[in-house]
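Data block below; observations after.
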Amino acid sequence: MAEAEETRQPSLHVAIIMDGNGRWAQKRGKPRLFGHHAGARRVSEILEACPDLGVKYLTIFAFSTENWKRTQAEVAGLMSLFRRYIEKEARKLFKRGVRVRFIGDRVRLDEKLVSLMDDLELLTAENDLVHLTIALNYGSRDEVARATKRLAEDVAAGRLRPQDVDVETLPHYLDTCVLPDPDLVIRTSGEARISNFLLWQSAYAEYEFVDTLWPDFSAGEFVEVVNRFHLRERRYGAVTG
């Protein structure tokens, strides 16, 4: 534990694919939305643990561009949950010093939800204890496509020369342009895939796949995963020793 504390980074960025809400509910004979509500409550506990772990940035995958394929009832229930979550948690997040951002394509979201998202971002804009980014109607391929379109428009308008486009250029057009890349990506529920989440940004992230379903993923387990991360050697393609 002491060794992990000595090597702790002051601005760690952890991203989480919060998977397993539906299965958690089904195991209890409940509808899938029951699990989504339980999962939403879990976010607060994980967020509260971040400052002591040196986690400055927390990004959570709330709703993907592919999730529209779910039943109309589940999608409608999720959208209602997002609205209620923002209305209920906004003042708490502000008082706890959390800055909230949303990434993803807002065009398909309803006006009421988008308005609440805008208001929450504005309310917490001066906070700096933890930066919480919520990926809502987000897909990494969609994000890159949108970013590439904006880049192409700048080239066409003469604001950017084609020869100046390199690996440092595209990140300025991504939804996450003001955030550092993730250091650690966690996926719960036992699935070992990344599901179109932060593909560009996570090129050199460490991954941790845990069996726990998201509503059961406690702050204690979060601490264990982050501490294991600190014991890893990150070489970024280089060779040490």
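Every read-out reported here was derived from the displayed coordinates using simple, explicitly stated rules and does not represent laboratory data. Not measured: the values here are computed from a predicted model. Here the Cβ positions follow ideal geometry from the backbone for every residue, glycine too, while neighbour counts run over all protein chains shown.
Yes/no per residue for (1) without any contact (Cβ under 8 Å) to a residue 12 or more places away in the chain; (2) under 24 Å from residue 232 (Cα atoms):
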| site | (1), (2) |
| --- | --- |
| 151 | no, no |
| 154 | yes, no |
| 165 | no, no |
| 169 | no, no |
| 183 | no, yes |
| 186 | no, yes |
| 189 | no, yes |
| 202 | no, yes |
| 206 | no, yes |
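Applying the selection to region 184-205, what residues are charged (D, E, K, R) and over 12 Å from the mean Cα position of the chain (by Cα)?
Correct list: 191, 193.
How many residues are touching a Phe, Trp or Tyr at 6+ places or on another chain (Cβ under 9 Å) and surrounded by 14 or more Cβ atoms within 10 Å (Cβ to Cβ) when one looks only at region 169-182? Even if it seems obvious, please write down each step before you answer.
Pass one, region 169-182, residues touching a Phe, Trp or Tyr at 6+ places or on another chain (Cβ under 9 Å): 170-171, 174-176, 179-182.
Okay, now just the ones that are also surrounded by 14 or more Cβ atoms within 10 Å (Cβ to Cβ), so 170-171, 174-176, 179, 181-182.
The qualifying residues number 8.
Restricting the first residue to region 94-118 and requiring it to be closer than 13 Å to residue 62 by Cβ, which pairs with a second residue that is part of a loop (DSSP other than H, G, I, E, B) and of a type in the set (Asp, Glu) meet a Cβ separation below 9 Å and a spacing of at least six or different chains?
101/175; 102/175; 103/175; 104/175
Here are 225, 185, 155: which of them is aliphatic (A, V, I, L, M), in a helix (DSSP H, G or I), out of contact with any helix residue (DSSP H, G or I) (no Cβ under 9 Å at 6 or more places or on another chain) and surrounded by 12 or more Cβ atoms within 10 Å (Cβ to Cβ)?
225
Scan region 91-112 residue by residue and report those that are within 16 Å of residue 48 (Cβ to Cβ), in a helix (DSSP H, G or I) and in contact with a helix residue (DSSP H, G or I) (Cβ under 7 Å, 6 or more places away or on another chain).
Within region 91-112, just 94 meets the criteria.
Answer yes if at least one residue in region 181-189 is out of contact with any Asp or Glu (no Cβ under 8 Å at 6 or more places or on another chain) and within 25 Å of residue 19 (Cα to Cα), and no otherwise. Walk me through how you get there before you give the answer.
Within region 181-189, the first condition is being out of contact with any Asp or Glu (no Cβ under 8 Å at 6 or more places or on another chain), and the residues that meet it are 181-182.
Filter once more, keeping what is within 25 Å of residue 19 (Cα to Cα): 181-182.
Checked region 181-189: at least one residue is out of contact with any Asp or Glu (no Cβ under 8 Å at 6 or more places or on another chain) and within 25 Å of residue 19 (Cα to Cα).
Which ones in region 208-218 are without any contact (Cβ under 8 Å) to a residue 60 or more places away in the chain and not charged (D, E, K, R)? Don't jump to the end; show me each part of the working.
The initial filter retains those residues of region 208-218 that are without any contact (Cβ under 8 Å) to a residue 60 or more places away in the chain, namely 208-211.
The answer is 209, 210.
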